[in-house]
Amino acid sequence: MKDSSYHLHAPIPDDSLIRADKFMFCQPYVFTRKISTGGFHFTLKWLTETGVRLHYQFDSNAMGMAAFPLANYLCAYTLLRDRLPSGFPESTFFSKNNLMDILPYYYQTIECEGGYYKEFIHKNTGRTTKENNLRTG
């Protein structure tokens with residue numbers, strides 16, 4: 001490096017490590033209890049070709065409480081994507097924009113839970129591989 005008249009007052013260690021505050025980063029993705037007035041609640045009932053009856057319920061309060069049926073939403077999304085008439089309540093619920101709001105939220109939630117679990121395993125070294133794989137405890 002070329003000699004410069006700008007010098008640091010303290011040396012920077014070569015093994016420095018930046019740690020992110022996982023708690024603060026993950027706080028928006030923690031499932032919390034919420035109460036709201038208004039919102040929506042609707043039910044979809046399907047009858048498959050094989051005669052199986054499917055019953056999907058969607059509620060605006062379920063989103064942040066770990067009660068939102070993501071698998072059911074993805075199934076219904078493939079069938080109803082941008083097909084509900086504009087006069088239908090929550091006609092944009094099965095739109096691409098709404099899907100792009102829901103998926104990152106759940107991805108971050110899963111990522112944060114995995115990070116917390118990794119810390120838990122690191123602190124509890126006496127656990128078996130089976131316990132860690134099944135995420136018991």
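Structure notes:
- Spin-label model distance (nm) - residue 54 vs residue 131, 7 Å beyond Cα toward Cβ: 3.9 nm
- Sulfur and carbon atoms: percent of accessible area, segment 37-137 [1.4 Å]: 56 percent
- Ordering of 42-51, 74-83, 90-99 by packing [mean C-beta count within 10 Å, highest first]: 90-99, 74-83, 42-51
- A Förster radius of 22 Å, combined with the Cβ-Cβ distance separating residue 43 from residue 96, puts the computed FRET efficiency at roughly 0.45.
- Two-site label geometry, residue 110 and residue 124: point separation in nm, points 7 Å out along Cα→Cβ: 2.2 nm
- Rounded accessible area per residue of segment 71-136, 1.4 Å, Å²: 71 Å²
The values are calculated or read from the model by the stated rules, or taken from the named source; none is laboratory data. Computed from a predicted model, the values in this text were never measured in an experiment. Backbone-built Cβ (ideal geometry, glycine too); neighbour counts: all protein chains shown. Remember, those area values only see protein heavy atoms, side chains included, never the ligands or the DNA or RNA. Shrake-Rupley method; radii C 1.70, N 1.55, O 1.52, S 1.80 Å.
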